[in-house]
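Enquirer: Below is a structure I'd like to ask you about.
The values are calculated or read from the model by the stated rules, or taken from the named source; none is laboratory data. Computed from a predicted model, the values in this text were never measured in an experiment. Cβ: placed from backbone, ideal geometry, glycine included. Neighbour counts: every protein chain shown. The area values use the complete protein model at the heavy-atom level, side chains included, leaving out ligands, DNA and RNA. Shrake-Rupley method; radii C 1.70, N 1.55, O 1.52, S 1.80 Å.
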Amino acid sequence: MERVGGLAAMVRSALPLLGVVGLAVLMQFGLKPLLGEGGSFYSKLLLDIGINAMLAVSLTMVNGFTGQFSIGHAAFMAVGAYTAAILTYYGSAYAVGGEVFADAGVQGGLVSTMLTERVREDGVAVAWVTRSDLLFAGALFAGGLVAAVCGWVVGLPSLRLKGDYLAIVTLGFGEVVRVLIQSQTADVLYTVEEIKEAPVVGVAQMFATRSEEWVAPLWLRAGGSLGFSGLPFYTSLFWVFLWCGLTMVVAYRIKNSTYGRAFLSIREDEIAAEAMGVNTTRYKVRAFVLAAFFAGVAGGLFAHTSGVQLNAGELGFVKSFDIIIMVVLGGLGSISGAALAAVIVTLLPEALRDPPSLLFPMGEGDGASFFPWSLIVLGVVGTAVWWRAERKVRAVLVLLVTVLAWEALRYGARKAQVDLSDYRNVMYALALILMMILRPRGLLGVGEVWDRRKPKVGTQPKVGTRPGATL
Amino acid sequence: MSEREVILEVGGVSKSFGGLKAVQDFGLTLAKGDLQGLIGPNGAGKTTVFNLLTGVYGPDVGDIRLGGVRINGLRPHRINGLGLARTFQNIRLFGELSVLDNVKLARHVRVRHSMLASVLRTAGSVNEETEIEDRAMELLRLFDLADRAHEDARSLPYGDQRRLEIARAMATDPKVLLLDEPAAGMNPQEKVEVAGLIRRVRDEFGMAVLLIEHDMGLVMKICEKITVLDYGKVIASGAPGVVRNDPKVIEAYLGVEDT
C-alpha cells in the first residue's frame, strides 16, 4: 500500500491553501488595478460574489451534506457581522487609539483597503499590514466563533426535528436574532471619549451601577433599528477571496473524507447511517457549527464592505432565502455548484438592469457594453454544457433556443417601446424557474464541476481507480 | 458448540408498544462462528427483535450482552461500534453515493483520525483514507461488486443491492452480523448464491450470523440452529430437523386442523 510521509502530506496539504492566498493576493494586487477608473462598481460586485459564495458553500454543509433544511442562515451572518463590527468599531479605540472611525478606512494597510497604490494621494506611504488589519482579522475570526456557538445552539433542536419542523425552528431563530439586534441594541453609538470611560464588560457594570442610570455596555450600543453606521471599510478583495477560498477548501476536504461520507449518509438515510456506526446527532451539530462559523465570517466581511450600512433588518429571512436559492440552484451538496450559483444569483439581477444583448452589438445604453463579453460567456457556458450534459445535442439546442428567445424578447420590447429593465425582477425570477426546470437537481447535482461524468453502466473502467489500490 | 466463545447473549427481553406485546421474554445465545436463523409468520416480531438488538428500540426488560458488554438502551451507532452490524428488510442503501462510498462510509466507525486531521489532510488521515479505500475494494471484490464500484448505489439491480448491504455491514468489522431477509425478492438461482455467500462470510471471517428469512428451504439448508417466533414469543428453538417437525411450529405456520 502506498503510504504518505509526514512532510509530503504537509506539502500537499499546504499547496491548496497557498493557492488560496495566491488567488487573494492576485485579486487584490493584480485584478483590482486592472479594473482601473470607476472599477469600484466591479470590485463591489466581486466582493458580493465572494461573500455570497462563502454563504452558499457554508450552507451547503448543512442543507447539502447532511440534508437538514435550515432557512435561517442569514442569522449566523448577522451574529458574525455585529460581533465583528462591535470589535472593530469599539476595539479600534483601544487597539489603535485616537479618532479612528471617522477616517478608519485608511487606517488599514494595503490588504485591507480598496487602495491599490503604495502611496496615497496625500503622499503618505501605506503599509501592507497595519494594526487595524490585525484587529479586523481577529474580529472576523471572533465573529465566526460567536456565530459557531449560535450554530451549536440551533443545531441542538435538529437532533429531534426533521424536515419542515426543523426549518421552522431555524426560521424562528433567524427572526429572533434580527429582532433582538434591532430592538435590544441602542441607536446611539458611543463616541471615542465615551468608549474610554464606558464599560467593556456590561454585566459587571450593570451590577455596579444598579442605583444609577443604566449604562449600556459596548456590545449593546450597536445601532439598533437605525443600523450600525460608521464602520471602517476594511473588506477588500484580498480578505474576501482569502476566506472564500478557505471555505471552499475546507468544504471540499470534508466532503471528500470519511467525515463527508458520514455527513452525506445522514442525508441519504439517517436510520441506516446510525446503524452503520455514524453518530448522527454529533455530525448534524458539527455541520451547523461549521456552517455557522463561515457564515459568521462572511457576515463580518459584509459588515465592513464599503457602501454597506450594517442593518439587521437586511439580514432577515429574505437574505436566508437568497442563500438557499444559491444552494438549491447549484445542486444540493455541490460545493462548486453553490459557488457558481452565487455568481449567477449575484450577477443576474445586475445584468438585467441594462438587459444585455448576447449576439449583437447595439446602440448606446442598450446592453451594448456587454457585447464582446457575451460571446465569451456564451462560449464558456456552451462548452461547459457540452462537456457536462448527458444528452449533449438536446442541451445545446435548449441553450440556443434560450439565447434566441432572449434576443427575440429584446427585439419585441424595442418595437413595443417597453423598457425591459422595468421587469428585471420578473425576469430574474423567471430565469431561476427556467434553470430549475432544466436542471431539477441543480446546475451540478451533487457532483463538482471537475468531476468526470459517471461512466455509463457496463462501459466503465475496471476496478483499481487508484494505482495504490491493491489487496 | 458450547465451548466456543459466546458473543451475543440475549435473555428475557420484552418490548411492548402500547398494549401490543411485540416481543415477550425473548432469549438467544450466539457464539463465534454460529449461523442461526430466526423465523416466524408475518408480524411475529422478528424485525422488532433485530431493532431491539441494534438499539433502534430499547427493551422494556431483559438483558442484551455483546461480547460481555451490556448494550440495552445504547444508541445504534454505539452498538455498531461494539461489533454488531445489520442489513435491512427494506433495503436502506445510501442511494446517491457510489457503491464504493457506501462501503467506505461503513469504515467510518473504525476511523482513528479526527475531523480536523481530515481538513488539514495530515499524513495519518491520508494514509487512513487509503486504507479505507483498499479495504472497501477488497470487500467489493469478495462480494463481486468491484466493477460497479463507481455507480450510484440506487442504480444497482435488486440482487446486487442486497449483496451491497451485506458488504456494507461487513465493512464495520462486526462480531455479529444480523441479516434481515437477505434473500427476499430473489429468484432461486440468486438465493443459492446468497446462501453460499452467507456461509463464506461466516467461514472466512469467523463471525456469528443471525438471519431472518422467509424462505424455509434456505433457512433449513444453511442454519445450524433455528429460533421460531410467533406472536412475540419463542415457540421452538433447535436444529432445523427438530424445529421442522415441532407441532407448535407447524401449527403457527399452517394453522390447526379442524377436528
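Enquirer: At 1.4 Å probe size, put A:ASP164, A:ASP322, A:ASP133 in order of accessible surface, largest to smallest.
Expert: Solvent-accessible surface, decreasing: A:ASP164, A:ASP322, A:ASP133.
Enquirer: Multiplying the sequence separation of A:VAL149 and A:GLU350 by 0.36 nm and subtracting their Cα-Cα distance, what value in nm do you get?
Expert: So the extension gain works out to 68.9 nm.
Enquirer: For A:VAL318, B:VAL103, give the ranking by accessible area with the largest first, probe 1.4 Å.
Expert: Largest accessible area first, the list is A:VAL318, B:VAL103.
Enquirer: Oh, and also: Nearest 0.05, what FRET efficiency do A:LEU397 and B:ASP147 give at R0 = 35 Å with Cβ-Cβ as r? Write out the running numbers ahead of the final one.
Expert: Details: r = 34 Å, r/R0 = 0.98.
Efficiency for this residue pair is about 0.50.
Enquirer: What figure, in Å² to the nearest 10, do you get for the accessible area of A:ILE344 with a 1.4 Å probe and non-protein molecules left out?
Expert: So the heavy atoms of A:ILE344 present about 50 Å² to solvent.
Enquirer: Turning to a different aspect of this structure: For a quick check of understanding: with a 1.4 angstrom probe and all protein chains in place, what accessible area in square angstrom does A:MET27 have, to the nearest ten?
Expert: 30 Å²
Enquirer: Which of the GluC sites (Glu not before Pro) across region B:1-37 are loop residues per DSSP, with 16 or fewer other Cβ within 10 Å?
Expert: Filter output for region B:1-37: B:GLU3, B:GLU5.
Enquirer: Run the dipole for region B:185-259 about the Cα centre, Lys and Arg Cβ at +1, Asp and Glu Cβ at -1, nothing else charged, and hand back the magnitude in debye, nearest 20.
Expert: 280 debye
Enquirer: Same structure, new question: Find, among the trypsin sites (Lys or Arg not before Pro) in region A:373-416, those assigned to loop by DSSP (not H, G, I, E, B) with at most 15 other beta-carbon atoms within 10 angstrom.
Expert: A:ARG391
Enquirer: Can you compute the helix-only [θ] at 222 nm over the protein assembly as shown? Use -39500 (n - 2.57) per DSSP H run of at least 4 residues, normalise by all residues, nearest 500 deg cm²/dmol.
Expert: -16500 deg cm²/dmol
Enquirer: Also: Considering only protein heavy atoms, with the full assembly of protein chains and a 1.4 angstrom probe, order A:ILE437, A:ILE325 by accessible area, largest first.
Expert: Final ranking, largest accessible area leading: A:ILE437, A:ILE325.
Enquirer: In a Gaussian network model over chain B where Cα atoms closer than 10 Å are linked, find which of B:LEU177, B:LEU82, B:LEU97 has the largest mean-square fluctuation.
Expert: Among B:LEU177, B:LEU82, B:LEU97, the largest mean-square fluctuation in the Gaussian network model of chain B belongs to B:LEU97.
Enquirer: Compute the distance from the alpha-carbon center of region A:55-72 to that of region A:1-31, in whole Å.
Expert: 26 Å
Enquirer: At what distance in angstrom do the alpha carbon centres of region A:154-171 and region A:226-265 lie from each other?
Expert: First find each Cα centre; the distance between them is then 23 Å.
Enquirer: Stick to Cα atoms and the Kirkwood definition of Rh, then tell me Rg/Rh for chain B.
Expert: Numbers: Rg = 19.1 Å, Rh = 19.2 Å.
A ratio of 0.99.
Enquirer: Moving to a separate point now. Could you state the number of Å between the C-alpha centres of region A:383-449 and region A:286-334?
Expert: 26 Å
Enquirer: Rounded to the nearest 20 Debye, what is the dipole magnitude of region B:67-117 about its Cα centre when Lys and Arg each give +1 and Asp and Glu each give -1 at the C-beta?
Expert: 260 debye
Enquirer: So which of A:LYS162/B:LYS32; A:LYS32/A:LYS319; A:LYS44/A:LYS284; A:LYS162/A:LYS255; A:LYS162/B:LYS46; A:LYS255/B:LYS15 end up more than 32 Å apart, counting from Cα to Cα?
Expert: The pairs that break the limit, which is 32 Å between Cα atoms, are A:LYS162/B:LYS32; A:LYS44/A:LYS284; A:LYS255/B:LYS15.
Enquirer: Using a 1.4 Å probe, how large is the accessible area of B:ARG163, given in Å² and rounded to the nearest 10?
Expert: Here the accessible area works out near 50 Å².
Enquirer: Sticking with this one: For region A:1-84, which trypsin sites (Lys or Arg not before Pro) pass both filters: DSSP loop (anything but H, G, I, E, B) and at most 13 other C-beta atoms within 10 Å?
Expert: Filter output for region A:1-84: A:ARG3.
Enquirer: So, with +1 on the Cβ of K and R and -1 on the Cβ of D and E, and no other charges, what is the size of the charge dipole of region A:239-394 about its Cα centre, to the nearest 20 debye?
Expert: Roughly 620 debye, rounded to the nearest 20.
Enquirer: Continuing with the same structure: Rounded to the nearest 0.05, what FRET efficiency do A:VAL11 and A:TRP387 have when you use their Cβ-Cβ distance and R0 = 41 Å? It would help to have the intermediate numbers written out before the result.
Expert: Values: r = 31 Å, r/R0 = 0.75.
My answer for the efficiency is 0.85.
Enquirer: Hey, what angle do you get for helix B:123-142 against the long axis of chain B, alpha-carbon based, 0 to 90 degrees rounded to 10?
Expert: Result, in degrees: 50.
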